[in-house]
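So the structure is just underneath, and the comments pick up after that.
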Amino acid sequence: LWNVIEEALEFYTESKKTLWAEVNAEELEDESKRLMKVTKNCAKEVRWSKAYQGIDKTNKDFLNTVPLVSALHHPSMRLRHWGYLAKATGKAFTPPPEDPHLLMSGILDLELHKFTADVEEICDQALKEEKMEKQLEQLEGFWTNVDWLMDPYQGDETVPLLKMGEDEFEALENDQLVIQGMLASRYLAQ
């Protein structure tokens with residue numbers, strides 16, 4: 001048991017020293033699962049001890065944190081989302097976009113496993129907002145390059161009517177549906 005505890009604590013200490021930008025969540029998850037398995041393979045006679053229960057809890061907490069770390073590592077996370085995370089955890093920290101030298105310990109100290117639902121909600125919001133940003137960029141790129149045509153209204157040259165080609169008209173109908181979907185989003189405010 002003491003060897004398992006020493007190995008696990010060494011892994012967690014090394015993980016905390018990793019730069020946030022260099023975190024590999026898959027490797028963390030694999031090693032965390034291995035440590036859980038090694039801990040579970042300890043003799044049944046020691047499972048009552050506080051040492052076993054402590055390392056078991058630490059392993060579970062870390063294993064529950066790794067998917068959250070992976071989600072937070074997504075490029076859709078903006079500075080505002082890190083602000084939401086600080087508010088949700090109640091802990092002040094310098095977010096990764098402002099601190100390129102941030103270590104994993106800065107994120108692990110937030111005890112993300114205690115705020116799983118909040119972290120997942122923030123990451124989901126970031127993904128959906130990024131999707132909307134990309135859609136808006138595509139729409140803007142398309143519609144700024146559309147050639148508009150003018151025809152006189154019933155032969156009167158002073159009253160021009162705007163029109164567009166058939167393809168653009170179909171695109172307009174599709175894009176209107178996309179915009180309506182965005183307007184229904186609960187993340188519209190951003």
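Here are the numbers for the structure shown:
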| quantity | calculated |
| --- | --- |
| R0 of 22 Å, Cβ-Cβ distance Q180-D124: FRET efficiency to nearest 0.05 | 0.60 |
| Nearby aspartates and glutamates by direct alpha-carbon distance to K44 (threshold 20 angstrom, same-chain neighbours under 8 apart not counted) | E6, E7, D56 |
| Share of carbon and sulfur in the accessible heavy-atom surface of the chain [1.4 Å probe, %] | 54 percent |
| Cross-link pairs beyond the 22 Å C-alpha cut-off, checked among K87/K114; K131/K163; K57/K114; K40/K91; K16/K134 | K131/K163; K40/K91; K16/K134 |
| Crossing angle, helix 25-40 versus the chain [Cα axis fit, 0-90 degrees, rounded to tens] | 30 degrees |
| Cα-based helix-to-principal-axis angle, 2-16 vs the chain, degrees rounded to 10 | 30 degrees |
| Sum of -39500 (n - 2.57) over DSSP H runs of 4+, divided by residues of the chain (222 nm, nearest 500) | -20500 deg cm²/dmol |
| Projected area averaged over orientations for region 86-190, convex hull of C-alpha atoms, nm² | 10.7 nm² |
| Nitroxide proxy distance, nm - points 7 Å out along Cα→Cβ at K91 and W143 | 4.4 nm |
| The chain: C-alpha pair distances exceeding 28 Å, % | 49 percent |
| For the chain, built as a Gaussian network whose Cα springs stay under 10 Å, the top-fluctuating residue of N24, N64, N41 | N41 |
| Label-point separation in nm, S49 to E173, each point 7 Å along Cα→Cβ | 7.3 nm |
| Segment K33-E14, extension gain: residue separation times 0.36 nm, minus the distance between their alpha carbons | 5.2 nm |
| Chymotrypsin sites (Phe, Trp or Tyr not before Pro) restricted to region 97-190 and DSSP loop, no more than 14 other C-beta within 10 Å | W148, Y187 |
| Label-point separation, K114 to Q154 (7 Å along Cα→Cβ), nm | 7.4 nm |
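The values are calculated or read from the model by the stated rules, or taken from the named source; none is laboratory data. All values derive from a computational prediction rather than experimental measurement. Glycine gets a Cβ as well: all are built from the backbone with ideal geometry, and neighbour counts include every protein chain shown. Side chains are part of the model used for accessible areas, which takes the heavy atoms of the whole protein and leaves out ligands, DNA and RNA. Shrake-Rupley method; radii C 1.70, N 1.55, O 1.52, S 1.80 Å.
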